[in-house]
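J.: Below is one structure. I have some questions about it.
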Amino acid sequence: MRSLALCLALSLTFVGNPVRSETYRNATPAFSIDYPEGWKVLPGEEGLSTRAVGPGSAMNVSVAAASRPDFDADQFTDEELLRVADGLVAAVASALGDFELLERGPARLGGKRAAYFRYRAVVERPDGRVETLGHYIATAHRGLVYSVTGVTQKKLQRRMQPLILKSIQSFRFGDVGADGAAPHSSSSVTSRSRSRPSRTS
């Protein structure tokens, strides 16, 4: 978890102006997620399947084996999802400075039930302290735990949070290529034409 927090902190230096989307496709396990065009997609490391960095922001996807092969979030009650969210909150809070939980509860990821929380935290950088806002959502599917994390500098939230939320909502399990077949490589990135996302208040 500390390596994830460090990865997010180091990602807060990139610049750009994304207005369209690219799709990251992973073959094994099969999933896909959209990233804003112009973000830099980086290889996964230390438990991350993939990560992408953009202007003062970052998105990460991690996949880990669950304790049981039948582990599936659709079998969880809302109370169990809240307990999962509380555990995730505690882990992230221990890795970040001035952590403040803003919201947590049940949600959906890739069409499945999920645990969700939103937080504020401070990242220490050589040029000073940076206040950030993060979204974390996790689910279990066929014995694997999937989590998607998005973080952005607070001063960029009006522009970047709609893009991050759009990316999280795009997450899908078992994605296939345009020809109907699964990708042959372990991962691929394809471009998608998209209209400019609308901003939220």
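The values are calculated or read from the model by the stated rules, or taken from the named source; none is laboratory data. Predicted model only: the values in this text are computed from it and were never measured. Heads up: the accessible areas ignore ligands, DNA and RNA and are worked out on the full protein's heavy atoms, side chains in. Shrake-Rupley method; radii C 1.70, N 1.55, O 1.52, S 1.80 Å.
J.: Students often forget the sequence filter, so: which lysines lie under 24 Å Cα-Cα from Lys155 once same-chain residues fewer than 8 apart are removed?
T.: The qualifying lysines are Lys40, Lys166.
J.: How much accessible surface does Asp70 have with a 1.4 Å probe, in Å² rounded to 10?
T.: 80 Å²
J.: Considering only protein heavy atoms and a 1.4 Å probe, what is the carbon-and-sulfur percentage of the accessible area of region 11-136? Please report the intermediate quantities before stating the final value.
T.: Numbers: 2840 of 5730 Å².
It is 50 percent, rounded to a whole number.
J.: Sticking with this structure for a sec: Mind grabbing the accessible area of Ser32 for me, 1.4 Å probe, Å², rounded to tens?
T.: Using a 1.4 Å probe on the heavy atoms, I get roughly 10 Å².
J.: Sticking with this one: Using θ = phi - 60° and the Karplus relation 6.51 cos²θ - 1.76 cosθ + 1.60, list the HN-Hα couplings for region 153-166 in order, rounded to whole Hz, with x at every Gly or Pro.
T.: After applying 6.51 cos²θ - 1.76 cosθ + 1.60, I find 5, 4, 5, 9, 4, 5, 8, 8, 4, x, 5, 5, 5, 5 Hz.
J.: Protein chains only, probe 1.4 Å: how do Arg159, Arg83 rank by accessible area, largest first? Don't jump to the answer; show the numbers that get you there.
T.: Values: Arg159 80, Arg83 150 Å².
Final ranking, largest accessible area leading: Arg83, Arg159.
J.: Further question: Relative contact order for region 73-149: what is it in percent, counting Cα pairs under 8 Å that are at least 6 residues apart?
T.: Relative contact order, region 73-149: 25 percent.
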